[in-house]
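Participant: Please find one structure pasted underneath; my questions will follow.
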Amino acid sequence: MKKIWGVMLLLMGLAMFFTIPSKARQIQEIRDLSGGTVLMMKFCFYTISILLMGGGVQKLKGLPKKDS
């Protein structure tokens with residue numbers, strides 16, 4: 001179960017990381033936001049995606065090794 005959870009965290013972090021620029025552009029077009037606000041929003045989203053990826057990697061590294 002930890003392996004599935006780790007893979008899902010890693011994939012969601014990667015997906016979020018690569019969709020941030022387009023989503024930030026869409027949000028900026030919908031609302032008239034200043035450059036500083038968009039920069040802060042991008043920073044927060046990138047931080048969340050990096051934490052998701054780190055959590056996924058940590059779950060995958062914490063799996064016990066099987067002896068063969």
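Participant: Do any residues in region 1-13 that are at pLDDT 95 or above have Cβ atoms under 8 Å from those of residues that are among the acidic types (Asp, Glu), where the two are at least six apart or on different chains, and which pairs are they?
Facilitator: Filtered contacts from region 1-13: no entries.
Participant: State the number of residues belonging to region 1-28 that are among the charged types (D, E, K, R) and closer than 18 Å to Val57 by Cα.
Facilitator: 2
Participant: Determine the pairs where a residue that is aromatic (Phe, Trp, Tyr), located within region 32-48, has a partner that is in a helix (DSSP H, G or I) with Cβ atoms under 8 Å apart, the partner being 6 or more residues away or on another chain.
Facilitator: Hits for this filter: Phe45/Met16; Phe45/Ile20; Phe45/Lys23; Phe45/Ala24; Tyr46/Phe17; Tyr46/Ile20.
Participant: Before we move on, is Ser49 modelled with pLDDT of 90 or more and exposed (fewer than 12 other Cβ atoms within 10 Å of the Cβ)?
Facilitator: So Ser49 does not fit the description; no.
Participant: Just to check your reading of the model, which residue among Leu33, Leu63 is surrounded by 14 or more Cβ atoms within 10 Å (Cβ to Cβ) and outside any helix (DSSP H, G or I)?
Facilitator: None of the other options fit; the residue is Leu33.
Participant: Would you check which residues across region 20-30 are surrounded by 13 or more Cβ atoms within 10 Å (Cβ to Cβ) and free of Cβ contacts under 8 Å to residues at least 12 places away in the same chain and list them?
Facilitator: Gln28
The values are calculated or read from the model by the stated rules, or taken from the named source; none is laboratory data. Because the structure is a prediction, the values reported are computed rather than measured. Positions of Cβ are generated from backbone atoms using ideal geometry, with glycine treated the same way; all protein chains shown enter the neighbour counts.
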